[in-house]
1. With a cut-off of 8 Å between alpha carbons and a minimum separation of six or more residues, what is the relative contact order of segment 76-126 in percent?
2. Dipole size in debye (nearest 20) for segment 10-93 around its Cα centre, Lys and Arg Cβ +1, Asp and Glu Cβ -1?
3. If you line up the long axis of helix 98-122 against the longest principal axis of the chain, both from Cα atoms, how many degrees apart are they, to the nearest 10?
4. Mind checking which of V63, L94, V43 is farthest towards the positive end of the chain's charge dipole, using Cβ charges of +1 (Lys, Arg) and -1 (Asp, Glu) about the Cα centre?
5. Pull up the cross-link candidates among the lysines for K53, meaning alpha carbon to alpha carbon under 30 Å and not fewer than 8 places away within one chain.
6. Using just the helices of the chain, give the 222 nm mean residue ellipticity in deg cm²/dmol: DSSP H runs with n ≥ 4 each add -39,500 (n - 2.57), and the total is spread over all residues, rounded to 500.
7. How high is the relative contact order of the chain, in percent, counting Cα pairs under 8 Å that sit 6 or more residues apart?
8. Restricting things to Cα coordinates, could you compute the convex hull volume per residue of segment 23-63 in Å³?
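All of the numbers you see were taken from the coordinates with simple rules; none came from a lab. Fair warning: this is a prediction, and the values are worked out from it, not measured in the lab. Note that we place each Cβ from the backbone using ideal geometry, even for glycine, and neighbour counts take in every protein chain shown.
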Amino acid sequence: MLLREANDVGVQFFLNTTASEVQHDTEFTLRTDHSIFRSPILVIATGGLSIPKMGATDFGYSVARKFGLKIVEPWPALVPLVLLTRRKDVMGALVNRRLTTVVAAIVATLISLLNIFLLAQTFGIV
Ligand SMILES: Cc1cc2nc3c(=O)[nH]c(=O)nc-3n(C[C@H](O)[C@H](O)[C@H](O)COP(=O)(O)OP(=O)(O)OC[C@H]3O[C@@H](n4cnc5c(N)ncnc54)[C@H](O)[C@@H]3O)c2cc1C
């Protein structure tokens, strides 16, 4: 569906192309390993820092830092979320009830197991 919508408005795709540098004067200049693009607007959708082997890079963060944007330092979230939200000293009145914590822990465990399985499948281990 996304491809069809993009094709309808004449989007050009440049696959296997790595963006390496962004500069800004009157417009943005994006340097890639194949060419240089100039545009008044630049949208960066290079994802977060998860698994480098799956294509994750810190490109988005480095561009944000270069242009002085505030960055919340990334850190693993799912398990800490469950652990922190059960602590009254951290959450105050918003602390999770016991039942919520138990359900969240079960869901987090299932998601973690599923992700381990998907990773193993992606890298041909299973
Ligand atoms: C193992 C794993 C399991 C997950 N499981 C779930 C789940 O069950 N449910 C869920 O909702 N979410 C899940 N997520 C999170 C979900 O995958 C991400 O939130 C989502 O993919 C983010 O989409 P995005 O388009 O922002 O970035 P991405 O999907 O990461 O896409 C970014 C793209 O930019 C490319 N790129 C990076 N740097 C450059 C560069 N310099 N030049 C050119 N291209 C570049 C990357 O190669 C990638 O193709 C999971 C993530 C991981 C790693």
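1. Working: 25 pairs, mean separation 13.7, N = 51.
Relative contact order for segment 76-126 comes out at 27 percent.
2. 380
3. The answer is roughly 50 degrees.
4. L94
5. Output for K53: K66, K70.
6. Mean residue ellipticity at 222 nm (helix-derived): -12000 deg cm²/dmol.
7. Relative contact order, the chain: 10 percent.
8. 74
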